[in-house]
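Worksheet for the structure shown next.
Quick note: the coordinates plus some simple rules give every number you see, no bench work behind them. Note that the coordinates shown come from a computational prediction; the quantities given were computed from them, not determined experimentally. With ideal geometry, Cβ positions are generated from the backbone for all residues, glycine too; neighbour counts draw on all protein chains shown.
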């Protein structure tokens, strides 16, 4: 049975977005009642929200970048023929939606730095896809799907482990 690699990329993209939503918006909680009720907004890039003891917290910035790299890779795999801008816009829009939902639902801090870093992460992912398609012209989508499947299994195992440990 041969699996269509473009359909596999689409399925992985849907899984990734569901997992990302569960992690970012719902903070890995199954009900809104379990979420903390905290609402703030920061419109100053690299402002107080990413500062710890008067120093820039690079860890959060790097995590935001890495969280969206798979989005850029998978979106590019699904929308390979689309112009760069048509791949970048949904990435930025998704991050904006996440930040807006956090504010509207009072479930976290909405931060322009998160929006910027998430978008940069997605753009890096688009670049990685471009490099992979140049390096492996015949098998790039297969390579990306295999790597993404491994990451999806690892992410699922991590989420399950966290849920079991934090019961």
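For the chain, what does the helix formula give at 222 nm: sum of -39500 (n - 2.57) over DSSP H segments with n ≥ 4, over the residue count, nearest 500 deg cm²/dmol? Can you show the working numbers first?
Details: 5 runs with 112 residues, N = 167.
Using -39500 (n - 2.57) per qualifying helix, the result is -23500 deg cm²/dmol.
Under a crude label model (7 Å from the Cα following the beta-carbon direction), how far is residue 6 from residue 38 in nanometres?
Computed distance between label sites residue 6 and residue 38 equals 4.4 nm.
What does the extension gain come out to for residue 66 and residue 17, with contour length at 0.36 nm per residue minus their alpha carbon separation? Don't skip to the end; give the middle numbers.
Values: separation 49, 0.36 × 49 = 17.64 nm, distance 1.40 nm.
Taking 0.36 nm per residue and subtracting the Cα distance, the gain is 16.2 nm.
Please give, to one decimal in nm, the separation of the simple spin-label points placed at residue 109 and residue 85, each 7 Å out from Cα toward the Cβ.
3.4 nm
So what does log10 I(q)/I(0) come out to for the chain at q = 0.16 Å⁻¹, using the Debye formula with one equal point on every Cα and no solvent?
-1.00
Could you tell me the relative contact order of the chain? Use alpha-carbon pairs under 8 Å, at least six residues apart, and round to a whole percent. Each step should come with its number before you reach the end.
On the way: 194 pairs, mean separation 54.0, N = 167.
Relative contact order of the chain: 32 percent.
At a temperature of 37 °C and a viscosity of 0.692 mPa s, determine how fast the stretch 78-167 diffuses translationally according to Stokes-Einstein, using the Kirkwood radius over alpha-carbon pairs as Rh; express D in µm²/s, rounded to the nearest whole number.
Numbers: Rh = 15.5 Å.
Value of D from the Cα-based Kirkwood radius: 212 µm²/s.
Arrange the peptides 130-140, 85-95 so that the one whose residues have, on average, the most other Cβ atoms within 10 Å appears first. Don't skip to the end; give the middle numbers.
Working: 130-140: 13.0, 85-95: 16.5.
Per-residue mean Cβ counts within 10 Å order the peptides as 85-95, 130-140.
I want to check the label-to-label distance for residue 131 and residue 149. Put each point 7 Å from Cα in the C-beta direction and report it in nm to one decimal.
Spacing of the two 7 Å Cα→Cβ label points: 2.4 nm.
Measure nothing fancy, just the Cα-based angle from helix 112-135's long axis to the longest principal axis of the chain, in degrees from 0 to 90, nearest 10.
The angle comes out at about 10 degrees.
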